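What follows is a single structure, written as structure tokens, with notes after it.
Nothing in this text is a laboratory measurement; each read-out follows from the coordinates by a stated rule. Source: prediction; values computed, not measured. Here the Cβ positions follow ideal geometry from the backbone for every residue, glycine too, while neighbour counts run over all protein chains shown.
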Amino acid sequence: MKRRVVITGMGMVTPLGVGVADTWRAVCAGESGIGPIDRFDPTGLPVRFAAQADPPPVHPQDGGDLKMRLALAALSEALAQSGPVSGERTGVCMGSEIGRPPLSVLADRLLGMSPPTADDISRMDPASPTRMIAKVAGATGPQSTVSTACTSSSQAVGEGLLRIRRGDADIMIVGGVDVLVDALMVTGFSKLGALSERNDDPAAASRPFDQDRDGFVLGEGAGILILEERGQAVARGASILAELTGFGCSCNAYRITDSPPDGRGAHQSMVAALDDAGLSPADIGYINAHGTSTPMNDPSEARGIARTFAQGVPVSSTKSSMGHLVAACGAVEAILCVQVIREGCMPPTINLERPDTSCALDHVALVARTGRVEHAMTNAFGFGGSNGSLVISRHD
């Protein structure tokens, strides 16, 4: 029998707020965390808005780095809920991308005005948040980092599930963090034609599955979950929030920038997650879609969902409210699925005013929907073709 894995702590920082409670309230109310860029001067750029996270309070070990500060703030909240976890039976797996120093710092380095420091080099390593989290938490068990673009933290959560099931660890600190709102990323994704250019109305820019969508919105944030073998969690009297029951992944082997039109990669990932959880499609009561708001990828995911869930299932994309958190989105959206199960509220896809006929689903559009959900699924489909799906269930 598989070792059962439960969730005993959660923490997040998003463009909607610092902490799970603030983000949950805002996303269910249909609020938007998208607005004009104020971290640097975007004058002259084709896109001048984003989903920025307000920096949480300084952490004594963040080293002045925003990415580290976001990760450590999410960790602090998760540990406050779960209680301390440390030692050789506690591991860490985080989703993260390569760090990018500010352009001013990069220019100094390239011009030779100041040599790179050890901290500069360390921060560019995708594994740097993983190492810091392990150090702060005192987790000396297995440690790994997943860097598969938008699927990074979904697969990191899945890897944590598998490690506990295999007996490699009893507790896994899992999640993801990313900071993308800088001139380099805005320019790069704009050149790819991937970003919305609604500079005159940023709050309406992210509109997954809508006929008038024109690209995604860059975001940033962090999400961390504490996974624990169920027997141990019960024995120590931990508060069990939900159970992580299924993980599936696949590769499109298609194009770097978009998904196959028939949604086969998404379908394969979702079927694998259902099989891992021992559930049928009819058991899933809600799906938090990847739903980026791009012209090509939304129909691909919609076809994959329709192929997997012939009977229909309520679907929403919370990227409409908080933008695309890339390496952090899978973990953040998994936490939202826990909240759906616990609170009986399905957050809406805001801005979904004219559903695209090529994305025919049971959309939770514009306003939240209430209802009891026993099992929820969250999808993350990454730039480059990686896919990940997680199933989260009510704990009995």
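Starting from the Cα of S86, step 7 Å toward the Cβ, then list every residue of segment 123-157 with an amide N under 18 Å from that point.
Answer for this model: 131-143.
Roughly how large, in nm² to one decimal, is the mean projection of the convex hull of the alpha-carbon atoms in segment 45-95?
5.5
How far apart, in nm, are the 7 Å Cα→Cβ label points at R131 and Q232?
2.5
How far apart, in nanometres, would the label points at T257 and R25 be if each is projected 7 angstrom from Cα along the Cα-to-Cβ direction?
Result for the modelled spin labels: 4.1 nm.
With springs only between Cα atoms under 10 Å apart, run a GNM on the chain and tell me which of V217, V157, V364 wobbles the most.
V364
Which of P281, P42, A74 sits closest to the plus end of the dipole of segment 5-393, meaning its Cα is farthest towards the positive end, when Lys and Arg get +1 and Asp and Glu get -1 on the C-beta?
P281
Based on Cβ point charges of +1 for Lys and Arg and -1 for Asp and Glu, what charge dipole magnitude is obtained for the chain about its Cα centre, in debye rounded to the nearest 20?
The calculated dipole for the chain is roughly 760 debye.
In whole angstrom, and with the biggest value first, how far do the Cα coordinates of segment 203-340 range along each principal axis?
51, 32, 27
What Kirkwood Rh does segment 277-396 have if only Cα atoms enter the pairwise 1/r average? Answer in Å.
This gives a value of 14.3 Å.
What's the extension gain from D168 to E353 if we count 0.36 nm per residue and subtract their Cα-Cα distance?
61.9 nm
Using a Förster radius of 30 Å, what is the FRET efficiency between R3 and A368 based on their Cβ-Cβ separation? Nearest 0.05, please.
Efficiency, from the Cβ-Cβ distance: 0.30.
Which Rg and Dmax, in Å, describe the Cα atoms of segment 210-265?
Rg, Dmax (Cα atoms, Å): 18.9, 52.
Pairs of Cα atoms under 8 Å, at least six residues apart: use those to get the relative contact order of the chain, whole percent. Numbers along the way, then the final one.
On the way: 1083 pairs, mean separation 93.6, N = 396.
The normalised contact order for the chain reaches 24 percent.
How big is the Kirkwood radius of the chain, worked out from every pair of different alpha carbons and given in Å to one decimal?
Answer for the chain: a Kirkwood hydrodynamic radius of 20.5 Å.
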